[in-house]
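Okay, so here's the structure we're looking at.
What follows draws every value from the coordinates through simple rules; no lab data is involved. Since the structure is predicted, the reported quantities are computational estimates derived from the model, not experimental observations. Every residue, glycine among them, receives a Cβ derived from its backbone with ideal geometry; neighbour counts consider all protein chains shown.
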Amino acid sequence: GGPPMALLLQHQDANKLRGNLSAFFVFSSILSLLVLMGMGLFTMKHFWLTVPLIPAAMLGYWVAIRSVNYLSKEWMRRISLVLCLVSGSSAIWQGLS
């Protein structure tokens with residue numbers, strides 16, 4: 001859901017884009033986890049597989065806070081579009097193989 005939201009929000013300033021995408025990801029992640037738990041598809045194994053990723057998420061948040069003042073609206077838009085291109089191309093590539 002991230003790339004379509006990034007495309008939808010691409011004309012917002014950097015702070016609003018980052019904040020809105022963060023809110024979207026928090027909501028959609030919690031909803032996905034609740035659905036997976038309800039279906040019995042989320043186990044403690046999955047939980048322990050995600051724990052090592054927490055420092056990377058915290059580092060990303062820290063970098064975002066420090067860099068948002070240095071990136072213009074246009075650069076944030078370009079970065080978002082490049083990430084959409086990469087994720088879309090990856091999804092197509094995986095679908096073909």
Fewest first, what order do Y61, Y70 take by the number of other Cβ atoms within 10 Å?
Y70, Y61
Value of [θ]222 nm, deg cm²/dmol, for the chain, DSSP H segments ≥ 4, -39500 (n - 2.57) each, nearest 500
-26000 deg cm²/dmol
Env charge @ A14, Cβ radius under 13 Å, K,R +1 / D,E -1, value +4
For segment 14-21, in order, what is each residue's ³J(HN,Hα) by Karplus, 6.51 cos²θ - 1.76 cosθ + 1.60 with θ = phi - 60°, in whole Hz (x at glycine and Pro)?
4, 5, 5, 4, 4, x, 5, 5
Once label points are set 7 Å from the Cα along Cα→Cβ at both A56 and N69, what is their separation, rounded to one decimal in nm?
2.9 nm
State the label only: which of (1) 32; (2) 48; (3) 16 corresponds to percent of Cα pairs over 21 Å apart computed from the shown model?
(2)
Cα gyration tensor of segment 49-97, axes a ≥ b ≥ c as square roots of the eigenvalues: rounded (a/c below 1.5), prolate (a/b > b/c) or oblate?
oblate
